[in-house]
Amino acid sequence: MIRRLTPGQLVIASHNQGKVREIRDLLSPYGVEPVSAGELGLPEPEETGTTFAENALLKAQASAAGSGLVALADDSGLIVDALGGMPGVYTADWAEQATYEGGPGRDWYMAMGKVEGKLVALGSDAARTARFVCTLAIAWPDGHHQIYEGKVEGELTWPPRGTLGFGYDPVFVPQGHQQTFAELDPAAKHAMSHRADAFAKLVAEALT
Ligand code: IMP
């Protein structure tokens, strides 16, 4: 049976500041009090799934079990048609490298360059169409869960443009627009993004 979220605490099962900020903004009208997994000191599980839904569920269930609270996780990524859907579930991994003395870090410019390099290698005819996809999973401490999926179509541009947003935003131009997600006002991005699309489905089913 479908469950609804009741006002009160909800763990955002993410350690990604950009995502946490966007999810907080999207939840702010609904009387839920989001606290992040990072703030609660919950460990970040390894994303061993091969689909966005598996990974979102893995993260939500780990936070629900660790906190005893309802948890919401987002697994998202960039799907590039000409690259057979890559980087897909490996979107974050493509940015992974040892940038700091103390451990691994993420270098988004390197990751965007990697995508661009592969597109250029395919030749000038290669399609530049891509989409961001987002899967949201809500997990309750008793094991119940609900999943919502969203997407936004667009094209990849080069060089990167804009300083807003996060991740691959500077190279993604949503369909029907000229500006990248990193140039658009955050409110405009929130109105059309893959996360907003998934969120609208979550709100329709679990929050209204
Ligand atoms: P994960 O869901 O934590 O595995 O990471 C997915 C990755 O996809 C993020 O770290 C970003 O690089 C990328 N991504 C997801 N959503 C967005 C977005 O809205 N803008 C830019 N990049 C995104």
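The values are calculated or read from the model by the stated rules, or taken from the named source; none is laboratory data. Owing to the predicted nature of the structure, the values given are computational and were not obtained by experimental measurement. Heads up, the Cβs are rebuilt from the backbone with ideal geometry, glycines too, and the neighbour counts pull from every protein chain shown. Accessible surface is based on the protein model in full, side chains and every heavy atom, while ligands, DNA and RNA are left aside. Shrake-Rupley method; radii C 1.70, N 1.55, O 1.52, S 1.80 Å.
Couple of notes before you dig in:
- The accessible surface of segment 50-208, taken with every protein chain in place and a 1.4 Å probe, is 55 percent carbon and sulfur.
- Only helical runs count toward this figure. For the chain, summing -39,500 (n - 2.57) over DSSP H runs of n ≥ 4 and dividing by all residues gives -8500 deg cm²/dmol at 222 nm.
- Our note on the geometry: Cα centres of segment 26-61 and segment 166-208, 19 Å apart.
- Rounded to 5, the percent of DSSP beta bridges in the chain classed as antiparallel: 80
- Candidates ALA182, ALA73, ALA60, ranked by Gaussian network fluctuation over the chain, Cα under 10 Å, top entry: ALA182
- Difference of contour (0.36 nm per residue) and Cα-Cα distance, GLU46 to THR129: 26.9 nm
- The label point for ARG4 and the one for THR163, both projected 7 Å from the Cα toward the Cβ, are 4.4 nm apart.
- Angle in degrees between helix 52-67 and the longest Cα principal axis of the chain, rounded to the nearest 10: 40
- Gyration tensor verdict on segment 118-208 (Cα atoms; rounded if a/c is under 1.5, prolate if a/b is larger than b/c, oblate otherwise): prolate
- Label point distance in nm, GLU153-ASP185, each placed 7 Å from Cα along Cα→Cβ: 2.6
- Of LYS19/LYS151; LYS19/LYS114; LYS19/LYS201; LYS118/LYS189; LYS151/LYS189; LYS151/LYS201, those spanning more than 20 Å from alpha-carbon to alpha-carbon: LYS19/LYS114; LYS118/LYS189
- Using distinct alpha-carbon pairs, which all enter the 1/r mean, Kirkwood radius of segment 8-207 in Å: 17.3
- Calculated accessible area for segment 8-207 comes out at 46 Å² per residue, all protein chains present (probe 1.4 Å; ligands, DNA, RNA ignored).
- Taken along the Cα-to-beta-carbon direction at a fixed 7 Å, the label points for GLU33 and GLU205 span 2.8 nm.
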